[in-house]
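In what follows, a single structure is set out as structure tokens and then discussed.
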Amino acid sequence: MQHSARPRDSRPPPEPGRAACLPYLERLGAIGASMLLVFGSWQIAGAISERMVRGELQTQIEARQQVTSAVANSITQSLDADIALLHGIPGALAVMPEVHTALATELPRQLTTVTLSTMQTRRALLEHDATLSPLNQLFKQIGALSGLDLIWLVDQHGTCLASSNAGEVDSFVGSSFLSRSYMRAVARGEASIGMARGQATGVPGLYVTSPIFMKGGLAGAIVGKIDLRRARHWVAQRGAFVTDENGVIILAHDPTYEWRALPGAPVLKMDPALRDSIYPNRTIRALRIRPQGAQLRAQAPWVSHLMADGLVSIEQGPPSLLRLSVSEPHGLSTGLALPFDAWNEAEQDYRRNRMLIFFATLSTMVVCIVLGVSYFRERRLHRAARNLAVQLQEANTRLSDEARYDALTGALSRRYFLDLLRTELGAAQMRRQPLAMMIADLDHFKQINDRHGHATGDRALEYFIRVCERVLAVDAAIGRLGGEEFGIVMPGATAAQAEQVAERIRLDFRRGRPHSIPEDTGLSVSIGIAVVQRDDSPERLLSRADQALYLAKARGRNRCMVFDPPPAPTEQSEAVTRS
């Protein structure tokens, strides 16, 4: 039997080198595709993370900026209100007849022509003068009521004629204040407020001045001082500070900022001798405030220029939001620097989100999970934004109420009451209708607090407001000017009508009392009344009402007094004065 032959394969055998390269090329392609996929996933994850975190960060920055602005404006309003009160006291004293009489005496003019042997001799002559001596007690009483630490009267040559610290070891009487910085404004006939260091004590403080004019010329000035340590309530908010007109931080929530200067402040170019006379520190260094835009962009390139440029670093501290507010009338400025605490959290969110989205793009299942997480995250962001908007609206409403009404008594706040007084005064002058202004002050209020506690004092203030609400007409308004002092404006009321209403308030407040106030608490009130005059202003109207209140206090309290303007000088009296 014959066997057939096996057919031979006509294909050429593979080359040994090519067969060895195929697995290598396949692995290289897989590695390249994997790297491309990883790179693309990483870039996509980065783009999505930037969008998410940038939107959240932008929302938080805008919300924090609005809160910072609202708080800074509130601090500025409080500062303006206190400064207005401080300005009003020297202004009211500058027009008092007793002050003009003191400047018109012969003794101050003799001091300019006679060289006395010692300061003690000059001081003794002034302190025992029958005309000047009562002013010392008057200044001391007004200082205790107003909150000013010191009040003194200087003549046009800068010599102190009367002072609230007369009779003390460091009495100002007889001292010369001509070289003090605030006397330059007095020489120009301008009222001023500024920072200076005490001439004798070295204690820094705010000085308020009001010039006194007699017979068409400058005759002297009233000067008041408040110790900076008593004004720390201006910077009770974290990050708050107050600067003077030379750019020096005179008060700060962080004491390390005090007596430092803002960058580019005028004090850095001031004459050293003048600077030493104003500030307690011989060396005033500039506060290091640096923009954080470039540094933050280097750390996190995904942050936009607008967000990064809005943050600064103070003394190499964390990124912060800085808001400065300048008040033109008195030259003081307020600032608020709040650390932006969400910055580190935003960086952590960015890194975490990028890694999550990166791994999510590697598989369909993870992508679905990431899409779900993103969906819920977007909902959370919208809910957070909506909650922030509601909170901002509530905060704005609360700040508006706090600025308009007094939190304890419910009366109008001082700032809103003064604005209302200005409006009502303008309307009364336009319509040629009468208008009455009353200032009421609870008698012996400090004794009530000391004897029965501050809670009883608060209830007495609330009870006084309730009495006024029962007595006053619908168009009348009452506001709390400060402490136990209240202002009442009565459109359309004459002096007689206002006096009747004031007397009824006084009697009702004294006779009746709620059960929450002890029976042995002596409740009484003194009220000063003034009516609008031709070409009147709110300041002059308040000053006359305050003078009437002072007269009521001086005559024994628990009474109502109407301001009685001094009679116009006759030709006979002018002839006697000229002779």
In the stretch 186-282, which trypsin sites (Lys or Arg not before Pro) are in a loop and have at most 14 other Cβ atoms within 10 Å, using DSSP for the loop call? 188, 215, 238, 282
Between residue 393 and residue 176, the two model label points (7 Å from Cα along the beta-carbon direction) sit apart by a distance in nm of 6.7
Over the stretch 122-259, volume per residue of the alpha carbon convex hull, in Å³: 116
Assigned charges on the beta-carbon of Lys, Arg, Asp, Glu; the stretch 414-562 dipole about Cα centre (debye): 220
Averaging sequence separations of C-alpha pairs under 8 Å and six or more residues apart, then dividing by the length of the stretch 414-562, give the relative contact order as a whole percent. 32
Of the GluC sites (Glu not before Pro) in the stretch 111-213, those whose Cβ has at most 16 other Cβ within 10 Å and which sit in DSSP loop: 168, 190
Once you have the Cα-Cα distance between residue 213 and residue 238, take 0.36 nm times their residue separation minus that, and quote the gain in nm to one decimal. 4.7 nm
Normalised alpha carbon radius of gyration of the stretch 184-251 [divisor 2.2 N^0.38 Å]: 1.33
Could you compute the FRET efficiency for residue 145 and residue 51, with r as their C-beta to C-beta distance and R0 at 45 Å, rounded to 0.05? 0.15
Alpha carbons only, please: Rg and Dmax for the stretch 414-562, in angstrom. 15.1, 48
Computed on Cα atoms only, the convex hull of the stretch 61-107 has an orientation-averaged projected area in nm² of 4.2
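Quick note: the coordinates plus some simple rules give every number you see, no bench work behind them. Keep in mind the model is a prediction, meaning the values are calculated, not measured. Every residue, glycine as well, gets a Cβ built from its backbone with ideal geometry; the counts of neighbours run over all protein chains shown.
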